[in-house]
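Reading through the structure tokens given below for one structure.
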Amino acid sequence: MDERPNPDPHASPASPFFRLVLVACVAGVGVLMVFPLCSHLARPDLSWSARFLAIWGLAACGLAGVGVVLWRVLKRAEPGLAAVSEQQAGFLDSLPDRWIDAAIVLSAGVSLFLELAMIRWQTSLLPILALCTNFALLACFAGLGLGYALADSRRIPLVAALPLLGVQILVLTALRYGLPEWHTGRLLLTASFVSSALCAQAGMWALVPTYYLLAVSFLLTSLAFVPVGQACGRLMGRRPKLRGYGLNLLGSLFGVVLFFAASSFWTPPPIWFLIVCLGVLPFLAFRRDVLLAGAVSALVTVAVLVWPVDPMSPRLYTPYQVFERLTTRDRLLEIRTVDGGEQRVMRLPSERAASEIDPQLRDAISYYELPYRVRGQSGRVAVIGAGLGNDVAAALRAGSEHVDAIEIDPAVLRLGVNFHPERPYSDLRVRQVVDDARSFLRTSGDLYDVITYANFGSPALLTSGSSNVRISSYVYTVEGLREARARLRHGGVLSVALPAASPERGRKFFLMLQEAFGGHPPVVLESALSHWLLFLEQEGKPVAIPPQVLARGEFVDVTAQYADPSVVVDCPTDDWPFAYMLRRTYPFSYLPVAALLLALTLLLARLLLHGGRPSPGHLQFFLLGSGFMLVETKAITELSLAFGSTWHVVGIAIMGILVMAFLANAAVALFQCTRVWVPYLLLLGSLALGYALVSGGGFSPTPWGRLTAAVVLTCPMFFSGIIFSTLLRSGGGIAGIMAANLLGAMLGGFLEYNSMYFGFASLYLIAMVLYALAFASGFWRGSAAAAKGVTASS
């Protein structure tokens, strides 16, 4: 895009920005009106058109009044806001040279820290935002990209960044906790978003408020990032391009390290956004009243986050999830995740002492102890997803000699240690293992008599037979279960727990286990009272269910139901690890979301850039950004598979990607690289090698295999960085290049949805096509420029 999208020096880029802010704020207020209206008007006697007109007609009337008041306020405040924005730009231009490097690092660090904070906060508050994968990331990219494109503007409205964050936090928090759940239930049931059954029952109009919420969240997030990107791009323009880009990478690395450090201490959102506010306030120090306004906005934002919306259910933010701590009627601990999953501590006596107890409690005892009754002896046991300790306690009651309790979330494990009444984690026979299940099974040399998979998925997803949601899990894949089988002794039992499921959902797990055990089908038992399922396999021989189990009516053998070949599903694999999707389906349910985000981005660009058009020279950077996004996604998923899907592995992977980009930038500056065809060839070759290795079975879990994975997956990042930095030396202004690169990353985010149908390996092929187009566009542009020069000279 043009380096000067606003060629008229008297034009006012601040006015459309603040007017967009006004629209976004009014729309945010509308969110709190639309959902109650939808609930009250969701009557079967109303037609689709009557519902639609009633909802939006009433909402429009209410918003009109709010809009008129805010418009008058804006008209009075706009001259002052424009003056402040001009002074903000002048302040950044007048910073002493000795502070510029530190300012670039700080601004880039703030932008990336805020990006990670927004992604985590939004998805932890409303599951619908987590279901729309990459939603928050794309909103951040759109705002930063447009901000970089406006870096040369004479006005930078950074003063609006913190108030916009506060408005979004207030609106979404009020929506989540300020309205009754029957108004907002569709936002808490993630599977309903793509459920065709829901649309058939309630009509497509039921999804309109959800799309409206997505649009408002996207606008508020993007607009908050625009001035942040402007400030960072403006500062980078005061340094040579390679130096400015290198400082930006250092700042981004600093932001990632700081956020993952904060997450490691289980800090809540008030701490995250307080850090963001403290990073923004130094840039507002050019006027005392502006600094005071920023400080007040920061205090209000943090106060909203700190406010105890539900004092009886305190929330705990771990590096993996957020859950609420509750107390059951019998004063035992219960935790609930934001997506509807739950775990509760149970006080269960041994089966011999259970003859006179409540039938529900006896049912739970039988369910937990069944794998050990099938095995007949329980020497060494591994509990995958040990959680609060119920399965561990059952293993101890069965007389196990040793129990490995594998739990990826240390907070859940600590709660089980402190609050389980049977104190299973304090038993000397139990070893606590904080690790990813796949990583543990791959690296452990132990053999077990029983391996039990506790239910650590989301019941809301598992029990929805019509949902097709995009949540990946490398634990529930054919390869993952095959590795578990390799850890069984002869006659050892593998047990997989599943809530009451549809025939399609149960069929997926049936086929996974059957393929993992060489074609031997599992036995599926259903608990008579709770209707939970247990899938059982035995190494080296058919599963032998004790006759008294079925005779006493505790369980029902439902193997035939899930062995029905007429039920067609697709088996999850490491390349397609979507255990919650029924079959490979092209993500048509995500296309409306993608179209909505694309339309909003184009609208923001049209209004903010004042008719500025993209420069042909930026097409190559746009395509480089798209390809890099896909390669980065594939690298993170493969590294997580090779080293474990723990939070620190993901953090190290992101940091490693930034380090490779920084080293590439330093190499270009040191060796004065001018040609890009060699790194292009190396890049395409490394992607082809990665595709071949992944398609051939992936990387082995050995130390050599992990080293190979790290090298093969990070080399494309280095070669791509070489290309970007080399082109950056000879390209136009760095702000426009960064804008094109970030907006190109949005395209990569949309293309990443193709993995839902083609698998993750396909991202290599798509990235290769994008990089080939980038090379061709650069070659075509160079040839066109040369031909133009020859024509001019003649």
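Overview of values
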| read-out | value |
| --- | --- |
| Sites residue 758 and residue 678 - FRET efficiency at Förster radius 35 Å, r taken between beta-carbons, to 0.05 | 0.70 |
| Estimated FRET transfer efficiency (residue 69, residue 776; beta-carbon r; R0 35 Å; 0.05) | 0.05 |
| Note, ³J(HN,Hα) from phi for the stretch 417-429, Karplus 6.51, -1.76, 1.60, rounded to Hz, x at Gly and Pro | 4, 8, 10, 6, x, 7, 6, x, 6, 8, 5, 5, 7 |
| The stretch 614-784 - Debye-derived log10 I(q)/I(0), Cα point model, q = 0.16 Å⁻¹ | -0.92 |
| Percentage, to the nearest whole number, of Cα pairs in the stretch 333-562 over 22 Å apart | 49 |
| Pair residue 596, residue 584: separation of 7 Å Cα→Cβ label points (nm) | 2.9 |
| Sorted by Cβ density within 10 Å, fewest first, the residues 177, 368 | 177, 368 |
| Which of 378, 313 has the fewest Cβ neighbours within 10 Å, and the rest in rising order | 313, 378 |
| 17 Å reach of a label modelled at residue 427, 7 Å along Cα-to-Cβ, counting backbone N of the stretch 391-418 | 391-407, 416-418 |
| Extended-chain gain in nm, criterion 0.36 nm per residue less alpha-carbon gap, residue 15 and residue 316 | 104.2 nm |
| Relative exposure of 75, 241, judged by other C-beta atoms within 10 Å (fewest first) | 75, 241 |
| In range of the label at residue 98: residues from the stretch 232-249 whose backbone nitrogen is under 19 Å from the point 7 Å along Cα→Cβ | 239 |
| The stretch 691-702 - phi-based ³J(HN,Hα) in whole Hz, Karplus 6.51/-1.76/1.60, Gly and Pro as x | 5, 5, 5, 5, 5, x, x, x, 9, 6, x, 6 |
| Nonlocal amide H pairs with residue 570, under 5 Å, H built at 1.01 Å | 583, 584 |
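Each reported figure results from applying straightforward, stated rules to the coordinates on display, with no laboratory input. Please read these numbers as outputs of a predicted model, since none were measured by experiment. Positions of Cβ are generated from backbone atoms using ideal geometry, with glycine treated the same way; all protein chains shown enter the neighbour counts.
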